[in-house]
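No lab work stands behind these numbers, since they all come straight from the coordinates. Since the model is a prediction, treat every value here as computed from it, not as a measurement. Cβ coordinates were reconstructed from backbone atoms using ideal geometry, including for glycine residues, and neighbour counts include every protein chain displayed.
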Amino acid sequence: MDKSNGLRVILFPLPLQGCINPMIQLAKILHSRGFSITVIHTRFNAPKASSHPLFTFLQIQDALSETETSTHDVTLLLTLLNRSCESPFRECLTKLLQSADSKTGEEKQRNCSLIHDSGWIFTQPIAKSLNLPRLVLNTYKVSSFRDHFVLPQLRREMYLPLQDSEQDDDPVQEFPPLLKKDLIQILDKETEILDSYTKMILETTKASSGLIFVSSCEELDQDSLSQAREDFQVPIFTIGPSHSYFPGSSSSLFTVDDTCIPWLDKQEDKSVIYVSFGSITTISEAEFMEIAWGLRNSNQPFLWVVRVDSVVHGTERIDEQLHEKGKIVNWAPQQEVLKHRAIGGFLTHNGWNSTVESVFEGVPMICLPFEWDQLLNARFVTDVWMVGLHLEGRIERNVIEGVIRRLFSEAEGKAIRERMELLKEKVRRSVKPKGSSYRSLQHLIDYISSF
Ligand code: UDX
């Protein structure tokens, strides 16, 4: 029996797809090492408890209206969630610990810790008052989590407005490998509300007992790990990519359309371009049509995820001709899709989960980042690892057609695929015995077992 058996972990994910998947993966990993798992979650975007019969799920009332939860403004959503979940979370956690204490007879013998998403900023005083060790789980790349704390300062100091457009392609010294034009795009969308939210995340993280990067590994974050250790002054664990431990997503908030797999079975090896912009991004109808025609004109078969709410004003005008070469689904089993022998490229928004999943399967990317960390992730893909091509924000049919042709081309495409193969092997080694993530996971388990 595992030595940590009998220990309990309480997990508190943010109710967003890109955050629930990694947290549930961590739950599965810890459960397989003998921990019992309790997941406290909101009513909004509640994870499917029936998919995880071995975990205990406790729902708290977030009291958000449907109008509030259907907003496309993620900062607003996170602010509202943090505001409305504090008391219900405190109540739920207190009750849970009281019942555990009454069983063990003593607070000290609880053998329990809390792991919450970095986006929850009210947990510190609650855990402290309950004498509960608390770790912060982060679903981003280490460098983007770190560097985001520099944004408020950059906004204040110099970058807005950027006077000289000739500087667009200059690197941002404080935020490598970001370019000035990326920074402008981030600062343009990020607000002062977000700056103060970010500040709270930083404080909550620094006051924690540890920081877990569940979707990253040393091999992808060499540039920033030692700096992050200095910044946060808490133990840092990079144990990813977490989806590699338990492949297949059983924590999808959307209904998965599996019909794309038999469709992929009929396509030639490495011929299909997979297109998905994650669970949050929305595009305009005009952008949708440009992408559609770019895909069609590239002559490459494509599989495109178009969520019901992802195109502003709907997709009624999809032309039949577009379907000739492609398949459109509302939600795909993405990890299975990326593994499929028919996939030759991924047109992605570079959410961190999608980026890592693509690297893990060795699928070269076409980068179309929209906001936040996506811009930094995309620069790593194209400028540092050189395993993809960048659309530079140009959603125009001829640009999209051109970039797809380049990716599938003999010379340029081949070199990108070769580099991707090397990166894939490096990342895969990290989760194997003696690999960096494997060792970091063992340290994490020893650490939380010692509480
Ligand atoms: C959000 C932010 O937008 C992103 O910038 C940040 O890095 C993480 O949080 P999201 O936009 O949803 O995430 O993108 P991403 O991180 O790529 O996560 C999407 C997840 O949904 C992936 O695990 C992917 O496998 C899954 N997915 C996506 C599916 O299972 N099916 C789909 O059709 C599309």
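If we count other beta carbons within 10 Å of each Cβ, what is the order of Ser70, Ser36, fewest first?
Ordered by Cβ neighbours within 10 Å, fewest first: Ser70, Ser36.
Label Glu285 and Ile193 with points 7 Å out from Cα along Cα→Cβ: what is the distance between them in nm?
With each label placed 7 Å out from Cα toward Cβ, I get 2.8 nm.
Filter the DSSP H helices in the chain by two things, a Kyte-Doolittle mean of at least 0.0 and an axial alpha-carbon span of 27 angstrom or more, and list the hits by number.
Those that pass (Cα extent of 27 Å or more, hydropathy at least 0.0) are 74-104.
Residue by residue through segment 270-284, what is 3J(HN,Hα) from phi via Karplus (6.51 cos²θ - 1.76 cosθ + 1.60, θ = phi - 60°)? Round to whole Hz and write x for glycine and proline.
Result, ordered by residue: 6, 10, 9, 9, 8, 10, 7, 10, x, 9, 10, 4, 10, 10, 7 Hz.
Extension gain Lys432-Ala411, at 0.36 nm per residue separation less the Cα-Cα distance, in nm?
Once the chain is fully extended between Lys432 and Ala411, it gains 4.3 nm.
For the chain, what relative contact order do you get, as a whole percent, if you take Cα pairs closer than 8 Å and at least 6 residues apart?
15
Taking N as the number of residues in the chain, what is its alpha-carbon radius of gyration divided by 2.2 N^0.38 Å?
After normalising by residue count via 2.2 N^0.38 Å, the value is 0.98.
What's the magnitude of the charge dipole for the chain around its Cα centre, counting Lys and Arg as +1 and Asp and Glu as -1 at the beta-carbon? Answer in Debye, nearest 20.
1920
Return the Cα extents of segment 301-427 along principal axes one, two and three, sorted largest first, each rounded to a whole Å.
Extents along the principal axes: 43, 32, 28 Å.
Specify whether the C-alpha gyration tensor of segment 1-146 places it in the rounded, prolate or oblate class, a ≥ b ≥ c being the square roots of the eigenvalues: rounded for a/c under 1.5, otherwise prolate if a/b is larger than b/c and oblate if not.
Because a/c hits 1.5 or more and a/b exceeds b/c, segment 1-146 counts as prolate.
Using helices alone, what [θ] at 222 nm do you get for the chain, with -39,500 (n - 2.57) per DSSP H run of 4 or more residues, divided over all residues and rounded to the nearest 500?
Taken over the chain, the calculation gives -14000 deg cm²/dmol.
Based on other C-beta atoms within 10 Å, arrange Thr123, Thr94, Thr75 from fewest to most.
Thr94, Thr75, Thr123
With each pseudo-label sitting 7 Å past Cα toward Cβ, what's the Ser50-Glu66 distance in nm, one decimal?
2.2
Run the reach check for Lys128 against aspartates and glutamates, Cα to Cα strictly under 20 Å, same-chain hits fewer than 8 apart removed. What comes back?
Output for Lys128: Glu86, Glu91, Asp101, Glu106, Glu107, Asp117, Glu203.
Of Lys28/Lys95; Lys28/Lys339; Lys270/Lys339; Lys270/Lys424; Lys181/Lys206; Lys95/Lys199, which sit over 19 Å apart, Cα to Cα?
Lys28/Lys95; Lys28/Lys339; Lys181/Lys206; Lys95/Lys199
Estimate the FRET efficiency between Lys206 and Phe451 by the formula 1/(1 + (r/R0)^6), using the beta-carbon distance for r and 22 Å for R0, to the nearest 0.05.
Working from the Cβ atoms, E equals 0.70.
Any idea what the relative contact order of segment 260-429 is, in percent, if you count C-alpha pairs under 8 Å spaced at least 6 apart?
Answer for segment 260-429 is 25 percent.
For Asn330 and Ser102, what does the FRET efficiency come to when R0 = 30 Å and r is the distance between their Cβ atoms, rounded to the nearest 0.05?
Taking R0 as 30 Å, the efficiency between Asn330 and Ser102 is 0.05.
If the chain between Asp223 and Lys128 were fully stretched, how many nm would it gain, using 0.36 nm times the residue separation less the Cα-Cα distance?
Residue separation times 0.36 nm, minus the Cα-Cα distance, leaves 30.9 nm.
Quick one: Phe122, Phe44, fewest Cβ neighbours within 10 Å first, how do they rank?
Taking fewest neighbouring Cβ atoms as first place, the list is Phe122, Phe44.
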